[in-house]
Amino acid sequence: MKTLINTDCQSNNIFHQWEPRSKLLAFTLLLFSFAMVKSIELAVFMLVICSVIFFLSGIPFRNLLKRWKIPAVLVLVTGTMLLFLSEGHLLASAGPFKITREGLIGFTLITSRVMSIITLIVILFETTPLLTIITAMRNLGLPRILADMTLFTLRYLYTLHWQLEQMKTAMVLRGFAGNKISSWKEYAILIGGIMVRSFDQSERVYRALAVRGYGFEQNYIPCMSWSRKDKTLCYSFAVLALMISSIQIYLNMPGV
Amino acid sequence: MSDNEMLLRISNISFAYKQDRMILDNLSLNVSRGEKIGVLGPNGAGKTSLFLIIAGVEKPSSGEVYLNNKLILPGSFNTELGLVFQDSDDQVFNFSVFEDIAFGPRNMGLSEPEVARRVNEALEVLGIHHLKSRPPHQLSGGEKRLVAIAGGILAMQSQLAIYDEPTSNLDMKYRRKLINFINTYNQEAALIASHDLEFILEICSRVILLDQGQIAADGKPRDIMGNGNLMEKHSLEVPHSLRNI
Amino acid sequence: MHIPDGMLSAGVCAAGYGLTLVAAGYSIKKINQSGETVRSIPKASLLTAAFFAASLIHIPVPPTSVHLILNGLLGAILGYFAFPAILVALFLQAVMFGHGGLTTLGINAVIMGLPAMVSSFIYCRFSNPQYNPIRHSIVGFVSGSIGIALSVVLFVVILINFIPSNINADTEKIAIYAGALGHIPLVIIEGIITALVLNYLKQVKPEILETKL
């Protein structure tokens with residue numbers, strides 16, 4: 001199973017060295033302020049901030065491109081609809097297609113927001129191991145049920161996906177083509193089969209966990225203190241987020 | 001046998017999952033410090049259930065288990081014993097090897113430096129320090145088994161080590177590594193269930209033969225495993241190396 | 001049917017997180033009331049992983065194929081764990097595969113998770129402990145198709161109302177409704193597959209359906 005998870009997050013870069021809880025907080029604030037952007041001037045500012053942070057992170061551009069590609073079709077379809085179907089001041093027209101100022105702004109806004117937000121997410125996840133992020137979320141108040149479920153689901157997804165592939169291969173080797181509507185029943189059995197396996201395995205996993213004291217946790221919270229550098233980075237991100245959101249709120253006001 | 005020498009005392013244990021069939025039937029067993037006991041028996045003989053009861057995970061329908069003269073209460077966390085499960089995928093649950101091995105020690109309430117020290121020591125003993133930051137799904141079957149042993153037994157510094165089919169799915173290299181480890185590691189006592197009879201022969205000082213929830217034989221490995229009639233009666237075979245004795 | 005980051009305004013994202021907080025909070029409260037939380041967590045998690053793996057399979061619908069959402073089936077099987085399971089699965093999907101998003105995680109969880117809770121209610125309320133294949137199939141079909149159908153409706157409502165745009169309202173509505181109608185075959189397929197899977201489980205491993213998670 002090919003995923004975008006980066007398992008090698010070792011580097012001396014400031015983003016790699018940043019304490020995970022303050023990093024998560026800072027990125028969350030900036031992400032939401034980016035989601036607020038509705039004016040073209042702020043969008044330009046957002047793109048500049050994003051480029052600077054990305055440049056500082058030292059992440060290869062191809063990693064970013066990989067993530068950008070995923071929602072590209074949906075974003076381009078929506079963006080193109082905005083571009084050609086919006087009403088407003090006519091800028092150009094060719095046959096049935098007309099481009100308005102509002103359409104152009106709508107297109108630019110949506111694509112720049114999507115690209116900037118994804119860039120931030122890439123920086124966060126390329127510089128922090130997923131497990132560290134889950135632990136940081138737990139320390140920031142994520143309920144234990146959700147943190148544990150995330151961890152177990154992540155771990156056993158690989159095992160169960162592999163088992164499902166094995167079951168399917170075994171069916172194919174016995175002549176299962178699986179390309180007709182009549183094969184839905186077999187697909188249902190395959191899905192049911194993986195449910196049964198996961199259910200049985202979960203009981204064994206629980207026993208193995210119980211032997212090592214699952215449910216007797218001492219509420220382990222790693223005490224990583226925030227260094228001056230962590231604080232400076234976190235506050236800078238917070239100030240940027242505050243700036244973007246307050247400017248946008250000001251611009252939203254009637255009469256501005 | 002004095003109480004000091006005795007590590008585990010199982011008295012008159014019975015167990016059934018549902019009412020229909022007894023898995024363990026009034027079973028008693030004493031284990032002394034220093035013993036490595038092989039547990040033989042056909043599939044469904046009750047080996048895994050016995051281990052889960054000793055570990056306090058399953059509740060026996062009657063009988064008691066004492067470890068270090070302390071009654072094992074079902075549902076309790078017993079830090080004196082470690083259990084290595086048949087399928088390492090069931091056991092190695094965390095998303096990094098380090099975190100997985102640290103799970104037991106953290107639940108024991110140890111300080112974080114002590115947890116790290118134990119994890120590193122366990123990794124060193126088994127020679128798997130290079131796997132420290134790897135996610136378990138990327139490990140081979142043999143590597144996963146060693147991680148399970150590191151987390152289940154070494155890092156918890158268990159006095160009683162229980163292994164359920166430790167050589168299943170292992171290649172020769174890891175099987176040999178495991179034999180060397182169990183032979184040299186200084187645990188107080190070990191219980192080892194295995195169908196790999198040559199493995200039992202190399203490691204164990206005593207063997208019990210479990211069938212239909214009862215101990216059918218208890219003695220020296222060569223005496224029991226070399227007894228063709230006894231082995232056959234319980235759906236087992238004399239190991240190859242003992243056939244011409 | 002996952003909304004990517006950047007498509008919705010911050011207000012809608014925040015509202016999505018708000019609703020998610022309420023739904024997840026309610027589910028967690030109910031789970032904790034069961035007294036079996038610790039034992040249920042591995043069970044719910046491995047089933048979530050199995051659902052995740054199963055949703056990657058492509059089911060043939062000649063001349064093409066679709067991959068299933070299975071939120072109705074998930075609701076029927078996981079009960080109170082359904083909403084947390086969907087939240088976790090969507091988070092992992094965003095992080096591991098880049099589908100959906102993190103600012104839109106709340107709203108996506110609402111789109112997929114609230115219908116799963118409805119399916120859960122329908123299956124628990126109407127499936128009989130006494131196995132009757134026809135009744136069980138009908139209840140299974142309804143749970144499966146309602147799950148996905150409600151998700152499509154929520155998705156459409158959110159798109160129509162909250163995508164910031166100056167598009168001619170009629171054009172926009174036509175496009176979105178056409179997209180929604182295109183999902184009708186998926187609603188039927190999800191219903192059928194859900195009924196088939198639930199019948200299989202009822203015969204092979206009824207404990208999965210009986211376990212109060």
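Quick notes on this one:
- For the stretch A:153-189, the set of residues classified as more than 7 Å from chain C (Cβ to nearest Cβ) and in contact with a Leu (Cβ under 8 Å, 6 or more places away or on another chain) consists of A:167, A:168, A:171, listed by residue number.
- Single condition residue C:118 does not satisfy, out of (1) away from chain A (no Cβ under 11 Å); (2) over 22 Å from residue A:26 (Cα atoms); (3) touching a residue at least 60 places away in the same chain (Cβ under 8 Å): (3)
- Residues that are assigned to a strand (DSSP E or B), facing chain A (nearest Cβ under 8 Å) and within 16 Å of residue A:1 (Cα to Cα) within the stretch C:47-92 are absent altogether.
- Test: residue in the stretch A:226-236 that is in a loop (DSSP other than H, G, I, E, B) and more than 10 Å from chain B (Cβ to nearest Cβ): yes
- Condition broken by residue B:162, with the remaining ones in (1) surrounded by fewer than 22 Cβ atoms within 10 Å (Cβ to Cβ); (2) in contact (Cβ under 8 Å) with a residue 40 or more places away in the chain satisfied: (1)
- Residue pairs whose Cβ atoms lie under 9 Å apart, sitting 6 or more positions apart in sequence or on different chains, and linking a residue in the stretch A:80-109 that is in contact (Cβ under 8 Å) with a residue 60 or more places away in the chain to a partner that is hydroxyl-bearing (Ser, Thr, Tyr), are A:105/A:39; A:105/A:86; A:109/A:39.
- Extreme residue, modelled with the lowest pLDDT, among residues of the stretch A:179-217 that are touching a helix residue (DSSP H, G or I) at 6+ places or on another chain (Cβ under 7 Å) and in a loop (DSSP other than H, G, I, E, B): A:217
- Some residue of the stretch C:171-186 being in contact with a strand residue (DSSP E or B) (Cβ under 9 Å, 6 or more places away or on another chain) and either within 30 Å of residue A:35 (Cβ to Cβ) or among the acidic types (Asp, Glu) (or both): yes
- Residue in the stretch A:112-134 that is of a type in the set (Gly, Ala, Ser), surrounded by fewer than 20 Cβ atoms within 10 Å (Cβ to Cβ), more than 7 Å from every other protein chain (Cβ to nearest Cβ) and closer than 23 Å to residue C:13 by Cα present: no
- Test for residue A:142: is it crowded, with 22+ Cβ neighbours inside 10 Å, closer than 27 Å to residue C:8 by Cβ and within 29 Å of the chain's Cα centre (by Cα): no
- Residue A:69 at pLDDT below 95, surrounded by fewer than 13 Cβ atoms within 10 Å (Cβ to Cβ) and within 9 Å of chain C (Cβ to nearest Cβ): yes
- Verdict on residue C:108 being surrounded by 24 or more Cβ atoms within 10 Å (Cβ to Cβ) and closer than 19 Å to residue C:141 by Cβ: no
- Top-ranked residue of the stretch B:62-101 - restricted to ones that are of a type in the set (Ser, Thr, Tyr) and either in a loop (DSSP other than H, G, I, E, B) or touching a residue at least 60 places away in the same chain (Cβ under 8 Å) (or both), ranked as surrounded by the most Cβ atoms within 10 Å (Cβ to Cβ): B:88
- Filtered by the rule that a residue be at pLDDT 85 or above and part of a helix (DSSP H, G or I), the stretch A:80-101 gives A:80, A:101.
- Screening the candidates A:15, A:45 for the property of being away from chain C (no Cβ under 11 Å), in a helix (DSSP H, G or I), more than 26 Å from residue A:253 (Cα to Cα) and out of contact with any Cys (no Cβ under 8 Å at 6 or more places or on another chain) yields one hit, A:15.
- Subset tally (residues that are over 12 Å from residue C:198 (Cα atoms) and not in a loop (DSSP other than H, G, I, E, B)) for the stretch C:95-133: 24
The values are calculated or read from the model by the stated rules, or taken from the named source; none is laboratory data. Computed from a predicted model, the values in this text were never measured in an experiment. No Cβ is skipped: glycine too gets one built from the backbone with ideal geometry, and neighbour counts run over all protein chains shown.
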